[in-house]
Amino acid sequence: NEIVGTNSANNWQYSFPPSCVGEVGRIGAPSRREIGHGMLAERSLETILPSDKDFPYTIRVESTITESNGSSSMASVCGGCLALQDAGVPIKCSIAGIAMGLVLDTKEFGGDGTPLILSDITGSEDASGDMDFKVFIYITELVIPICSYKPILRPSHIRCGTS
């Protein structure tokens, strides 16, 4: 906490062992991925926590990834939110995370060159895609559109789709 300048008594731990992607490797100090992806999940979850006055207890959330073929940081957001609810923490609202991707529909693969926006991308789409980004949303209603078609507001060269 002193390194990043926070005074939070909460403890967030994100573990991504090499075995979760079929690799063999050393387990020890946190990797670059664990630090970066853990911070994404932590920043998302901290927005829904109650104030210290309303909930004066230390919170520890641990997310250990056992298999990964998509966005493990956004899976940690979803799982962390559920864990907080299960533990009885009076969170402000529920949140969910999702990974989005932009893939160029290249002529090499029979496309016409227009970009495609994919939701809930898998590992292969992340690796071969042109851009990816993580989104977390506050859930205030049961139905949330992830990608909606608005032909008047949307540029004609971008199409919505799912992976």
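Here are the numbers for the structure shown:
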quantity: Peptides 18-30, 44-56 ordered by average Cβ neighbours within 10 Å, highest first; calculated: 44-56, 18-30
quantity: Tensor-based shape of the range 12-149 (alpha-carbon gyration tensor, a/c under 1.5 rounded, otherwise prolate or oblate); calculated: oblate
quantity: Residues with amide H under 5 Å from that of residue 114, placed H, sequence gap 5 or more; calculated: 105
quantity: Theoretical FRET efficiency, 1/(1+(r/R0)^6), r = Cβ-Cβ of residue 57 and residue 26, R0 35 Å, to 0.05; calculated: 0.50
quantity: Estimated inter-spin distance, residue 112 and residue 133, nm [label 7 Å along Cα→Cβ]; calculated: 2.5
quantity: J(HN,Hα) series, the range 110-115, from Karplus relation 6.51 cos²θ - 1.76 cosθ + 1.60, nearest Hz, glycine and proline x; calculated: x, x, 9, x, 7, x
quantity: Protein-only accessible surface order, largest first, of 132, 86 at 1.4 Å; calculated: 86, 132
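The values are calculated or read from the model by the stated rules, or taken from the named source; none is laboratory data. None of these values were measured; they are calculated from a predicted model. With ideal geometry, Cβ positions are generated from the backbone for all residues, glycine too; neighbour counts draw on all protein chains shown. Note: accessible area is taken over every heavy atom of the protein model, side chains too, but ligands, DNA and RNA are not part of it. Shrake-Rupley method; radii C 1.70, N 1.55, O 1.52, S 1.80 Å.
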